[in-house]
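Here the structure is laid out as structure tokens; the discussion comes afterwards.
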């Protein structure tokens, strides 16, 4: 199955490879995150540090905001085939091709920074093992903050699961679809880059999104009401390179990338101020016209967490292969 997927010819990958064939020294780094995201600023610094270590050679060039036209859900198809030399990867987007990866950490099942920090080393180990099987080498990681996920709505405030049952809800991952469906809510996956238009045109009434990043997608312009639902920990983003490309890379480039990647992790693997940043983001949204409502009740939040925890077990069993064992390893790290 993996071999079939990896050998599938993608028109976008072929096109990009063709136009860049004349510049063999430049490594194109695909970043699906918007230029306005703080992670992108950190990736820009990573690129600068790598290039500086290579004494002025323009080895890496960052392409942000999906500007290369490569869907993040297709990373395991285009990266091993050489569409780009390097790409940011988020495991939860890869459920179609690698179900085991998308169920390593199901969002909503880890609810505290203390638990999160216990799980991260194990999650990194699992990612490294699984990506290797797909012909991808993990050369670096970018932490994702401990986020607070809220329900943003266009026309009226929604702060109960019962009220949400009459709305069309945008989500970004299958585990969320399954969880909300079980709760009686109509949820559909809409990519981040399409969320603004979906809300503006009424394709959906509400969207699940972290307040911390709402301004990066101008969510305050199309959603005038918001309420907090649940805390969310996620596995880190992975910086991946096709294994055959990495194996053929000179030692100086490998060392420059490894050193910059370690520095990137050290300066970003910090979570102490995540809650303060969340509050500041909410205050700015309110200043921009968003009405911030009361949190979903503790009863509703507990209901969501209990359901998503069950979904995690079901998705791991459905994925088969290494997925159940991965889940057990994470649970062990959490001390559960």
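A short reminder: the numbers here are calculations on the coordinates, not readings from a lab. Just so we're clear, the structure is a prediction, and the values are computed from it rather than from any experiment. Here the Cβ is made from the backbone with ideal geometry for all residues, glycine too, and neighbour counts use every protein chain on show.
What is the projected area of the convex hull of the Cα atoms of the stretch 178-336, averaged over all directions, in nm²?
Details: hull surface 52.6 nm².
Quarter of the Cα hull surface area: 13.2 nm².
Can you give the extra length, in nm with one decimal, that the chain gains between residue 118 and residue 280 once fully stretched, where that is 0.36 nm per residue apart less the Cα-Cα distance?
Details: separation 162, 0.36 × 162 = 58.32 nm, distance 2.67 nm.
55.6 nm is the gain from fully extending residue 118 to residue 280.
List residues of the stretch 260-284, by number, whose backbone nitrogen lies under 19 Å from a label position 7 Å along Cα→C-beta of residue 55.
Under 19 Å, as judged by backbone N against the label point of residue 55, lie 260 of the stretch 260-284.
When averaged across all projection directions, what area in nm² does the alpha-carbon convex hull of the stretch 124-195 cover?
Details: hull surface 27.9 nm².
If I average the Cα hull's projected area over directions, I get 7.0 nm².
For residue 42 and residue 334 in one chain, what is 0.36 nm times their gap in residues minus the Cα-Cα distance, to one decimal in nm?
102.3 nm
Please identify, among 112, 234, 148, the residue showing maximal mean-square fluctuation in a Gaussian network model of the chain using a 10 angstrom Cα cutoff.
Result: 112 has the largest fluctuation of those listed.
Between the stretch 52-116 and the stretch 308-336, what is the C-alpha centre distance in whole Å?
The distance from the Cα centre of the stretch 52-116 to that of the stretch 308-336 comes to 21 Å.
With the Cα gyration tensor of the chain in hand, give its eigenvalues times 5 under a square root as the equivalent ellipsoid semi-axes, listed largest first in whole angstrom.
Values: eigenvalues 222, 99, 78 Å².
Taking √(5λ) for each Cα gyration eigenvalue gives 33, 22, 20 Å.
Separation between the residue 166 and residue 201 pseudo-spin-labels, each 7 Å from Cα along Cα→Cβ, expressed in nm?
2.6 nm
With a 10 Å radius around each residue's Cβ, average the other Cβ atoms per peptide and rank 185-196, 162-173, 260-271, 93-104, highest first.
By packing density, highest mean first, the sequence is 93-104, 162-173, 185-196, 260-271.
How much length would be gained if the chain were fully extended between residue 298 and residue 215, taking 0.36 nm per residue of separation minus their Cα-Cα distance, in nm to one decimal?
27.2 nm
Can you give the helix-only mean residue ellipticity at 222 nm for the chain, where every DSSP H stretch with n ≥ 4 adds -39500 (n - 2.57) and the sum goes over all residues, rounded to the nearest 500 deg cm²/dmol?
For the chain, the value works out to -14000 deg cm²/dmol.
I want to check the label-to-label distance for residue 133 and residue 313. Put each point 7 Å from Cα in the C-beta direction and report it in nm to one decimal.
Those two pseudo-labels are separated by 2.3 nm.
Using alpha carbons only, how many degrees (0 to 90, rounded to 10) separate the axis of helix 298-319 from the longest principal axis of the chain?
Computed tilt is about 40 degrees.
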